[in-house]
Structure formats: C-alpha cells, structure tokens
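Participant: Handing you a structure now.
The values are calculated or read from the model by the stated rules, or taken from the named source; none is laboratory data. Note that this is a predicted model, so its numbers are computed, not measured. All Cβ positions, even for glycine, are placed from backbone atoms using ideal geometry, and neighbour counts span all protein chains on display.
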Amino acid sequence: MERAQDEIRDVAWARVARYARGGQVAIPNLTSAGLLPTGIHLATLHEVELTFGRGTDTRIRLYENLRAFLELARSFQMFTSIVIDGSFVTNEPDPSDVDVVLILPGPQLKRLMKHSDYLKLENAAIRERFAIDLFIDPDLEGMATFFQRLKIEDALQRGVPPRHLRGVVQVAL
C-alpha cells in the first residue's frame, strides 16, 4: 500500500514539475473508460514509467523491455521519436505487449525499406525479445492517428462509441 502511495506521489510531482516549467501535463489522467484522452501526448520516458510502468509485475517487465528497446532504437540514430499505444497505455493491469510506432524521416525510411525482408525477420525477433509490436512510419500523423482508433470490440467492452478515439504517448529519441 505504501509503495502504491509513493508511486502516486511520484506521478503527481512529475506533473507539477513539468507544469511549473511552463509545459502541459504530459500524460493526463485516464478517462473513466480507462483510456488516455484523445490526442498525442508528449512525454519523457520517465513519465511513461511513472504512469504505465508500475503497479503489476507485467507492467514493470513490459516497461523494462520498452526501455531496452529504446536504447536499441537510439543506437540506429535514424528515428526521431516513438509513439506508444495499445493496451499498455490503458488501465489494463496486465497488457500482453507494447505497441510502438517508430517515427523516422522519409529519406531514412526509404533506406530502411530496401531491406524489407530483413526487417520482417527482425520484427519477429523484436516481438519475441521485447514483447513489442513494432510499426515504422515516416509521418507522425499516419500510424499514430491510425492507432488512436479503438477496435469495435474494445470500444464495446469499455462502453464508448465505436468511433471513439483514444490517446497515445509520444517520446522523443
């Protein structure tokens, strides 16, 4: 119980500090449906940890996998940011994985796409090693916007209209 209270306090102080620096609260509170409010919410990796990387062993493991994956992604020096979406950024206590969209400039994407067969093999390895479903897009609005849409069954389960849009989190690399 004390650990949970410490975590809530950490998240609150991170939000206060960011607001005091003139920024908006990066990761807003989840809606009553357990989703982020619609939009792309800019955040630091630490804020992702405080908000979504705690609470259950599953969330802690998935966050650690995400952190390790980001170190790998940064080593390529091609990607500008990531967008995190899916059940990891909801109130689901034990999400099965983390959905990640790597954003990279168009010329870099063309270079990367020359190795599309290799990339497909690597996607499987990334899924197995990090429990990450990886997508790559040159345009933040493309895949990030796509992933704001809920599947019909998810919308019905959460009691929101089928066309309801959820929020996603963007972290700069």
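Participant: Tell me which residues, restricted to the stretch 32-43, are touching a Ser or Thr at 6+ places or on another chain (Cβ under 7 Å) and surrounded by 14 or more Cβ atoms within 10 Å (Cβ to Cβ). Write out each step before concluding.
Facilitator: At the first step, the residues of the stretch 32-43 found to be touching a Ser or Thr at 6+ places or on another chain (Cβ under 7 Å) are 34-35, 37.
34, 35 - these are the residues of the stretch 32-43 that are touching a Ser or Thr at 6+ places or on another chain (Cβ under 7 Å) and surrounded by 14 or more Cβ atoms within 10 Å (Cβ to Cβ).
Participant: Can I ask one more? I need the full set of residues from the stretch 60-76 which are farther than 16 Å from residue 127 by Cα and under 15 Å from the mean Cα position of the chain (by Cα), in order please.
Facilitator: The first filter runs over the stretch 60-76 and keeps only residues farther than 16 Å from residue 127 by Cα, leaving 60, 74-76.
The one that is farther than 16 Å from residue 127 by Cα and under 15 Å from the mean Cα position of the chain (by Cα): 60.
Participant: So which residues in the stretch 64-78 are surrounded by fewer than 19 Cβ atoms within 10 Å (Cβ to Cβ), among the aromatic types (Phe, Trp, Tyr) and part of a helix (DSSP H, G or I)?
Facilitator: Within the stretch 64-78, no residue meets the criteria.
Participant: What pairs come up if the first residue lies in the stretch 98-124 and is in a loop (DSSP other than H, G, I, E, B), the second is modelled with pLDDT of 65 or more and surrounded by 11 or more Cβ atoms within 10 Å (Cβ to Cβ), and their beta carbons are under 7 Å apart, counting only those six or more places apart or on different chains?
Facilitator: Within 7 Å, the pairs are 104/78; 104/79; 104/80; 104/136; 104/138; 105/80; 105/138.
Participant: Kindly evaluate residue 29 against the criterion of being surrounded by fewer than 17 Cβ atoms within 10 Å (Cβ to Cβ) and in contact with a Leu (Cβ under 7 Å, 6 or more places away or on another chain). Give the steps one after another, and end with the answer.
Facilitator: On the way: surrounded by fewer than 17 Cβ atoms within 10 Å (Cβ to Cβ): yes; in contact with a Leu (Cβ under 7 Å, 6 or more places away or on another chain): no.
Against the criterion (surrounded by fewer than 17 Cβ atoms within 10 Å (Cβ to Cβ) and in contact with a Leu (Cβ under 7 Å, 6 or more places away or on another chain)), residue 29 does not qualify.
Participant: Also, I was wondering about something else. For the stretch 71-101, enumerate the residues that are closer than 25 Å to residue 155 by Cβ and out of contact with any strand residue (DSSP E or B) (no Cβ under 6 Å at 6 or more places or on another chain).
Facilitator: 87, 90, 91, 92, 93, 94, 95, 96
Here is a yes/no grid of residues against (1) modelled with pLDDT of 85 or more; (2) surrounded by fewer than 16 Cβ atoms within 10 Å (Cβ to Cβ); (3) within 19 Å of residue 165 (Cα to Cα); (4) aromatic (Phe, Trp, Tyr):
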| position | (1), (2), (3), (4) |
| --- | --- |
| 17 | no, yes, no, no |
| 45 | yes, no, no, no |
| 53 | yes, no, no, no |
| 80 | yes, yes, no, no |
| 88 | yes, no, yes, yes |
| 108 | no, no, no, no |
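Participant: Within the stretch 145-152, identify whether any single residue is among the charged types (D, E, K, R) and either modelled with pLDDT under 80 or in a helix (DSSP H, G or I) (or both), and answer yes or no. Write out each step before concluding.
Facilitator: Filtering the stretch 145-152 for residues among the charged types (D, E, K, R) gives 149, 151.
Narrowing further to those that are either modelled with pLDDT under 80 or in a helix (DSSP H, G or I) (or both): none.
No, the stretch 145-152 contains no residue that is among the charged types (D, E, K, R) and either modelled with pLDDT under 80 or in a helix (DSSP H, G or I) (or both).
Participant: For residue 11, indicate whether it is touching a His at 6+ places or on another chain (Cβ under 9 Å), modelled with pLDDT under 95 and surrounded by 14 or more Cβ atoms within 10 Å (Cβ to Cβ). Spell out the reasoning first.
Facilitator: On the way: touching a His at 6+ places or on another chain (Cβ under 9 Å): no; modelled with pLDDT under 95: yes; surrounded by 14 or more Cβ atoms within 10 Å (Cβ to Cβ): yes.
Spelling it out, it is not the case that residue 11 is touching a His at 6+ places or on another chain (Cβ under 9 Å), modelled with pLDDT under 95 and surrounded by 14 or more Cβ atoms within 10 Å (Cβ to Cβ).
Residue-wise test of (1) surrounded by 18 or more Cβ atoms within 10 Å (Cβ to Cβ); (2) closer than 13 Å to residue 100 by Cα; (3) in contact with a Gly (Cβ under 9 Å, 6 or more places away or on another chain).
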site: 127; (1), (2), (3): no, yes, no
site: 131; (1), (2), (3): yes, yes, no
site: 136; (1), (2), (3): yes, yes, no
site: 140; (1), (2), (3): no, yes, no
site: 143; (1), (2), (3): yes, yes, no
site: 146; (1), (2), (3): no, yes, no
site: 155; (1), (2), (3): yes, no, no
site: 159; (1), (2), (3): no, no, no
site: 171; (1), (2), (3): yes, yes, no
